[in-house]
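Step one of this worksheet: look at the structure below.
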Amino acid sequence: MRWGVFSDVHSNCEALNAVLERFRAEKVGGYVCCGDITGYGAEPDKAIATISALPNVIAVRGNHDLAVLGRMDITWFNEMAAAAVRYAQKSIQPENMRWLQDLPPRVDRDELTLVHGSPRNPAEEYLVTVQQFHDNYQYFKVSPCFIGHSHLPLCFLMKEPVSYVEFGTLKEAAVVRTPRGVRSVINPGSVGQPRDHDHRASCGIYDDEARVFNLVRIEYDVAEAQRKILDAGLPEFLALRLAYGQ
Ligand SMILES: [Fe+2]
Ligand SMILES: [Fe+2]
């Protein structure tokens, strides 16, 4: 089956809808959401409503989702992120808050593993180095392990048992093969707030029979997402950064 894989929507429904349109056109049979549905953007409630209504969706919670739920201390969040958390707490309807509350920290399936940050610390670790990949090796069994959190599209691949680790950032149309016997971690990048200096929404399609992941970048209406952020009274920088992909 083909899965639409995406992460870090961060309440940006312009980007989310563009990504889902592409997934539908590609006729995916299921959806993998690596967390941080809320935070930063203008439409946290709509983002949850849209994702929770997808057929065959598996999702985990991210650190921003935990903050919105009041289950993570936000004193270490910067003021802009904290403002967006408080805004989300006021805007999310009770039924969508309940759906968010029920999200697990990780999902272990026969065909894939799913966490937000890293297998050993799903809520907080930014898994971006080969050393961290080694340190996380024993914390998951099934590859690929999809992650989010850093907003950077990247992958780690290692033939088992322990050997050389192939590491790379993923550009548009990058193809990652993860055959049996290869341990892999893949980050599809961020839908709603890319930080690799490319403003386009980042996501991927994973075929669990061919065991191939394709990275996809998608244009969306950035100006409309920015307008909604400003209209919501959120900090201006949260709107500005979308144009630069940072
Ligand atoms: Fe995030
Ligand atoms: Fe995160």
- line: Which residues qualify? For Ala201, with a placed amide H closer than 5 Å and at least 5 residues away or on another chain, they are Ile218, Tyr220
message: Could you work out how much longer the chain between Glu224 and Arg71 gets when fully extended? Use 0.36 nm per residue separation minus the Cα distance between them, nm to one decimal.
response: 52.0 nm
message: List the residues, sorted by chain then number, that are 5 or more residues from Phe146 or on another chain and whose placed amide H is less than 5 Å from its amide H.
response: Thr113, Leu114, Val115, Ile186
- line: Dipole check, the chain, charges on Cβ (K,R +1; D,E -1), about Cα centroid: among Gly168, Trp99, Ala84 the Cα furthest to the positive pole belongs to Gly168
- prompt: Can you give the percent of C-alpha pairs in segment 111-226 whose distance is more than 19 Å?
  reply: 43
- request: Mind scanning Lys46/Lys90; Lys46/Lys228; Lys27/Lys159 and naming the pairs with a C-alpha gap bigger than 19 Å?
  value: Lys27/Lys159
query: With a sphere of radius 13 Å drawn around the Cβ of Pro153, what net charge do the other residues whose Cβ falls strictly inside it have (Lys, Arg +1; Asp, Glu -1)?
result: 0
task: Within 10 Å, count the other beta carbons around each residue, average over each peptide in 141-150, 17-26, and list them highest first.
output: 141-150, 17-26
task: Take Val32, Val182, Val9 and order them by how many other Cβ atoms sit within 10 Å, fewest up front.
output: Val182, Val32, Val9
task: List, in order, the whole-Hz ³J(HN,Hα) value for each residue of segment 36-53 obtained from phi through the Karplus relation with A = 6.51, B = -1.76, C = 1.60 and θ = phi - 60°; use x for Gly and Pro.
output: 6, 6, 9, x, 6, x, 8, 10, x, 5, 5, 4, 5, 4, 5, 6, 5, 8
field: Per-residue Cβ neighbour rank within 10 angstrom, fewest leading, Arg177, Arg61, Arg106
entry: Arg177, Arg106, Arg61
task: Enter the angle in degrees (range 0 to 90, nearest 10) between the Cα long axis of helix 79-91 and the first principal axis of the Cα atoms of the chain, meaning the one along which they spread out most.
output: 80
query: Taking a temperature of 4 °C and a viscosity of 1.567 mPa s, what whole-number D in µm²/s does Stokes-Einstein yield for segment 48-162 with Rh from Kirkwood over alpha carbon pairs?
result: 84
- request: With a ≥ b ≥ c taken as the square roots of the eigenvalues of the C-alpha gyration tensor of segment 76-124, please select rounded if a/c is under 1.5 and otherwise prolate if a/b is larger than b/c or oblate if it is not?
  value: oblate
- request: Obtain the radius of gyration and the Kirkwood radius of the chain from its C-alpha atoms and give Rg over Rh.
  value: 0.95
field: Estimated dipole of segment 114-226 in Debye, rounded to 20 [Cβ of Lys and Arg +1, of Asp and Glu -1, Cα centre]
entry: 440
query: Hey, in the GNM for the chain with a 10 angstrom Cα cutoff, which one of Ala174, Ala42, Ala201 fluctuates hardest?
result: Ala174
statement: A correct fewest-to-most ranking of Asp73, Asp108 by other Cβ atoms within 10 Å would be Asp73, Asp108
For the chain, size of Cβ-based charge dipole, Lys and Arg +1, Asp and Glu -1, in debye: 340
- request: Putting +1 on Lys and Arg Cβ atoms and -1 on Asp and Glu Cβ atoms, find which of Pro119, Gly39, Pro194 reaches farthest to the positive end of the dipole of the chain.
  value: Pro119
statement: If each K or R counts +1 and each D or E counts -1, the residues other than Ala67 whose Cβ falls under 12 Å of its Cβ total -1
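Since every read-out is calculated from the coordinates, none of them should be taken as a lab result. Small disclaimer: the values here were computed from a predicted structure and weren't measured. Every residue, glycine as well, gets a Cβ built from its backbone with ideal geometry; the counts of neighbours run over all protein chains shown.
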